[in-house]
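This report concerns only the one structure given below.
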Amino acid sequence: MADILTSPHAGADVHHGKEIDYIEAKKGIWSWMSTVDHKRLGLMYFWAVVANFIVGGIFALLVRITLLTGNHGDNYFINAETYNRFFTLHGIVMVFLVIIPSVPAALGNFVLPLMLGAKDVAFPRMNLASFWIYIVGWTMAITAICLGMVDTGWTFYTPYSSTTNGPVSLMALAAFTLGFSSIFTGINFIATVHKLRAPGMGWFDMPLFVWSIYSTSLIQVLATPVVGITLVLLTIERAWGIGVFDASKGGDPVLFQHFFWFYSHPAVYIMILPGMAIISEIIPTFSAKTMFGYKAVAYSSVAIALIGFLVWGHHMFPSGQSQLASLVFSFLTFLVAIPSGIKVFNWLATMWRGNIAMDTPMVWAVSFLLLFTIGGLTGIFLGSLSTDIHLHDTYFVVAHFHYVMMGGTITAFLGGVHYWWPKMFGRMYNEGPAKIAAYLYFIGFNVLFLSQFVMGSNGMPRRYYNYLPEFQPWHIASTVGSWIIAAGLFLALGNLLASLRKPKDAPDNPWKGTTLEWQTQSPPIEHNFHDQPVLHRAPYDYRTPVSVDREIH
Amino acid sequence: MQQQFDASKLGMWLFLATEILLFGVLFVGFGLSQGRWPEEFKQAHHHLDRVLGAFNTVVLLFSSFTMVMAVNSASRSKRKATINYLIVTILCAIAFLVVKYFEYSHKIHEGLLPGQYFTYLASTDPMAKGNSVFFGFYFMMTGLHGFHIFAGVVVLCLLLKETIKGKYNAAYYTPVDLVGLYWHIVDLIWIYLFPLLYLIG
């Protein structure tokens, strides 16, 4: 790596010795529960997300174990109804409780104000409220699980969801509540980005992480109310049968699908944009090179957010919408590929002739590039009207969105966790096991989901409990893949947790990053910076020598 | 201080955007259903009382005016005037809810609740389904709006309490300003609901 920024204490805080950090600034459970410090809230979200990820992961493993055989007798230890509940809960937990809050609420809360050189987010108390609303929603979801679970799939399609037994209403209201938390976080971040940037930091001096999180927040604010009211309508439908979604009473079940996807397709970008946000930080840092096409990457985040609102109909090609509508939605869907492609090519161009250091975060980032590209390209198959009629509701779809959601967002999240871990906890983890974990994850992931592409294109429908014997080898491969991933994830988690037993040894800037969060101590002091940082240069500027860097204060 | 004020105002506008989208879904659903059941929607809307609807519209418009005056007085440190204007605004909101209560109970009495409770027309009547869907949207939209009015009353009362304590003056009246914005958006939504539900056809 280039010989700049080598001093771990580059920056204004070089004049101060290590001071008491935000973790130790206050003591006791109550100081955490009532905290308005964005770093502590980020940390609490982080642990909640990790716990939920384990729960959602266990459901996934159970689904895969069920599918080891396609011809279950009556006495198989997981029956068909239980299986329906397992995949539903896997979906709901992973989407609403893990992926959506993972990057924005956990890492975003921690990093965003630091990157902007701010003391906190714009509305710290609302940030705390948002966390507790998340916990309320989480409690409702867990109660629904304990009360006998939900078997609608995470999409809650009517008329099944308005007639099936089980605590569907409670689960829908849980998702509604979680939506509120997500809206508040979004509003908070938008106001923070607009109003609390450090002096000297114009819009195009912001790190790309901020651009992506900003775009994500826009979608959260504009799309979440739609699913909110839709789930309320569903609950009222279940409680009083007002018939808005019931064809026998003059309502329209397909209307539910429109409303649902008007939110849930943009929600897909709520999930992937933060992944892209992290990759845009890791790649320039570990290539020690200025980001290639900074403005193009920044604008492409906003473009994805806006186009994302216009493509929901591609989930409904076989649902009986008009041919013309399908045609238009199919065309608009291709448009999303353009900004996504811009990002991928710019990341590659940034790496080209860079001084690449394959540290753990970079291993995750490169995994992201490979997995996300496969996920993105297979999305074009599904956006094409004619091929989608064949592939709709097959394992091809399952594999596609796992490549994007897990291969994209979760991979990036794990990369981000490894990237900012020294900043969050002030400790370096052991590189060896961390890398082995990343490689295990990558191998297991492809074993698990590549086989599902094969099954899907051969006609294996999604969500089925039984299947034809010809699919069994692929299903077995898929299940083995899930065990490899699980091994990788447990190794990664164990390795990170083990580092917490050590004394705080992390330097302020272990990766020689150029963004502001690396200019304060690790972990940061309670108010982030001693003096208001002033920005004198663009992010990812690896050409300016260290002497100029010292002027940041 | 100015930065805090600006940030709060931006946050409030974003929140209001989510409110518009919340109602937007119901507007879109209403429009689509109207396209599907044009005759039935025309027939159903005759059950709504235009006089009461118009009265409520005037009441809300007037309350928006008193709210503006409350914000204006607060920004010039006129505590007494602020208190009076807030009280009038709250009274208007309560009047709106009372009128709404009489409208609702009349409809329920006639058997116009939607879906499984719809008894106004026999279920064999070909017009029954469309009429029921109209009232499904009517009760959802006005109900959600009524809930916002109610929430407004609660917030206005809290604001009144703080004003009486003398918390706001020309240097700091952000909460008054924000509640004002909220109150206008709730009025604005009614300005759209009234013609859509009461005056179509």
- prompt: Straight-line reach from B:LYS129: which aspartates and glutamates have a Cα under 12 Å away, not including same-chain ones fewer than 8 places off?
  reply: A:ASP246, A:ASP252, B:GLU39, B:GLU40
statement: Amide H contacts under 5 Å for A:MET201, restricted to residues at least 5 apart in sequence or on another chain and with H modeled in the peptide plane, are A:LEU535
query: Gain in length, A:THR164 to A:ASN355, computed as 0.36 nm per residue apart minus the alpha-carbon separation, to one decimal in nm?
result: 63.0 nm
message: Given points 7 Å out from each Cα along the Cα-Cβ axis, report the B:ARG50 to B:ALA170 separation in nanometres with one decimal.
response: 4.9 nm
task: Within the stretch A:39-58, find all residues whose amide N lies under 20 Å from a label point positioned 7 Å from the Cα of A:TRP32 along Cα-to-beta-carbon.
output: A:39-55
Stokes-Einstein translational diffusion, the stretch B:57-127 - Kirkwood Rh over all Cα pairs, 1.306 mPa s, 10 °C, in µm²/s: 107 µm²/s
- request: Report, in deg cm²/dmol and to the nearest 500, the calculated mean residue ellipticity at 222 nm for the protein assembly as shown, where each DSSP H run with n ≥ 4 adds -39500 (n - 2.57) and the sum is divided by the residue count.
  value: -22500 deg cm²/dmol
field: Student exercise, the stretch B:2-199 dipole from Lys, Arg, Asp, Glu Cβ charges, in Debye to nearest 20
entry: 720 debye
statement: Note, A:GLY202: beta-carbon cut-off 13 Å, +1 each Lys/Arg, -1 each Asp/Glu, net +2
- prompt: Zone of A:ALA239 (label point 7 Å along Cα→Cβ, backbone N under 18 Å): which residues in the stretch B:122-153?
  reply: B:136-151
- prompt: In degrees from 0 to 90, rounded to the nearest 10, what is the angle of the helix B:79-110 Cα long axis to the longest principal axis of chain B?
  reply: 10 degrees
query: How would you classify the protein assembly as shown from its alpha-carbon gyration tensor, with a ≥ b ≥ c the square roots of the eigenvalues: rounded for a/c under 1.5, else prolate if a/b is greater than b/c, otherwise oblate?
result: oblate
- request: For A:VAL136 and A:ASP393, compute 0.36 nm times the residue count separating them, minus their Cα-Cα distance, and round to one decimal in nm.
  value: 89.2 nm
- request: Quick one: order A:SER384, A:SER248, A:SER280 by neighbouring beta-carbon count within 10 Å, fewest to most.
  value: A:SER248, A:SER384, A:SER280
- prompt: What shape does the stretch A:267-313 take by its C-alpha gyration tensor, where a ≥ b ≥ c are the square roots of the eigenvalues and a/c under 1.5 counts as rounded, a/b above b/c as prolate, and the rest as oblate?
  reply: oblate
query: For A:ASP505, A:ASP388, what's the fewest-to-most ordering of other Cβ within 10 Å of each Cβ?
result: A:ASP505, A:ASP388
Sequence of A:PHE209, A:PHE156 once ranked by neighbouring C-beta atoms within 10 Å, starting from the fewest: A:PHE156, A:PHE209
message: If I fit a long axis through the Cα atoms of helix A:80-92 and take the longest principal axis of the Cα atoms of chain A, what angle between them do I get, 0 to 90°, rounded to 10?
response: 30 degrees
message: Rounding to the nearest 10 and keeping the result within 0 to 90°, find how far the Cα-based axis of helix A:323-351 lies from the longest principal axis of chain A.
response: 30 degrees
task: Could you give log10 I(q)/I(0) at q = 0.19 Å⁻¹ for the stretch B:2-199, computed by the Debye formula over C-alpha point scatterers of equal weight, without solvent?
output: -1.24
- prompt: Put +1 on the Cβ of every Lys and Arg and -1 on every Asp and Glu Cβ in the stretch A:12-549; which of A:ILE242, A:ALA305, A:PHE176 then has its Cα farthest towards the positive end of the dipole?
  reply: A:ALA305
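The numbers here are math on the coordinates, done by the rules we state, and not lab data. It should be emphasised that the depicted structure is a prediction, and the values quoted were computed from it without experimental measurement. Glycine gets a Cβ as well: all are built from the backbone with ideal geometry, and neighbour counts include every protein chain shown.
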